[in-house]
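Data first, discussion second: the structure below is written as structure tokens.
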Amino acid sequence: MPVESAARSDARRPGRPVRSLAAKPALDEPICMNISARTSLLLLMLLMPTMTHAQSTEEPRALPAVDLERYAGTWYEIARIPNRFQNDCVGAATATYGLRDDGRIDVINRCLEDDGEVNEIEGIARLDKKGEARLEVSFFSILGWRPIWGDYWILDLGEEYETSVVGEGSRKYGWVLSRTPTVSDERLAELMDALRDQGYDPEKFDIVQGTGLGSPDRATGA
């Protein structure tokens, strides 16, 4: 039955109101806006974990360049992410870098073991082909052939090359180094901020300054 005929038919029935499509209540505009806002907020909440994950998966940013002559010498560990390579190390380790005639760098890592003996391992470092302050380090050699290289990216340097923050692309490894066995609380906080700016979680780092080869009775002989 056509709508208009139905309306007239209903009008003839006593006590029954006339109904038509034109009288159908519509959704109020403020309610529509409220639902739209809630929908947008829900979508934003759903997307936030994805956005946060995308930011955290960006690689740390190595410094544009490093002066290897100034970087050479001995560094003390201030903090590090625990790793299997240093499971036998008690406290802070040291790293000593020396420039070679072929442009590479001699690396000597030392740490104190449970029995009081000093564990020492030698390796080679070279600049990454990608440039910037990205180096690669190898501690494994087969008759001079080095099939395994690990990333060593310098993420932050003190103005006088007195401190260094080292990391790599996955953020699985990280170190804070200093020319001295310890740094002030203020400087340590700044270095932790530098880590945070690079997407690292400072809570994952063990503070080892002043221990191991960085302890007062060992530091001068490291």
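No value in this document is a laboratory result; all are computed from the given coordinates. Values in this document were obtained by computation on a predicted structure and should not be read as measured data. When we count neighbours, we look across all protein chains shown, and the Cβ atoms used for this are built from the backbone with ideal geometry, even at glycine.
If R₀ is 25 angstrom, what is the calculated FRET efficiency for the pair Asn119 and Ser184, using the beta carbon separation as r and rounding to 0.05? About 0.30, to the nearest 0.05.
In summary, the aspartates and glutamates within cross-link reach of Lys172, defined as a Cα separation below 14 angstrom excluding same-chain residues under 8 places away, comprise Glu58, Glu59, Asp151, Asp201, Glu203, Asp206. Couplings for the stretch 177-182, taken from phi via the Karplus curve 6.51 cos²θ - 1.76 cosθ + 1.60 with θ = phi - 60°, read 10, 8, 6, 10, x, 9 Hz in order; Gly and Pro are left as x. As a proxy for reagent exposure, ranking Glu120, Glu132, Glu186 by other Cβ atoms within 10 Å from fewest up yields Glu186, Glu120, Glu132. Note on the stretch 182-221: Kirkwood hydrodynamic radius from all Cα pairs is 11.3 Å, rounded to one decimal. Counting beta carbons within 10 Å around each of Phe85, Phe140 and listing the fewest first gives the order Phe140, Phe85. The alpha-carbon atoms of the stretch 145-222 define a convex hull whose volume equals 130 cubic angstrom per residue. When Rg and the Kirkwood radius Rh are both evaluated on Cα atoms of the stretch 73-139, their ratio Rg/Rh stands at 1.01.
Amide H to amide H, with H built 1.01 Å from N, Ile78 comes under 5 Å of Val176, Leu177, Ser178, counting only residues 5 or more places away or on other chains.
Looking at the stretch 72-219, what % of the alpha carbon pairs are farther apart than 23 Å?
Beyond 23 Å sits 34 percent of the P(r) for the stretch 72-219.
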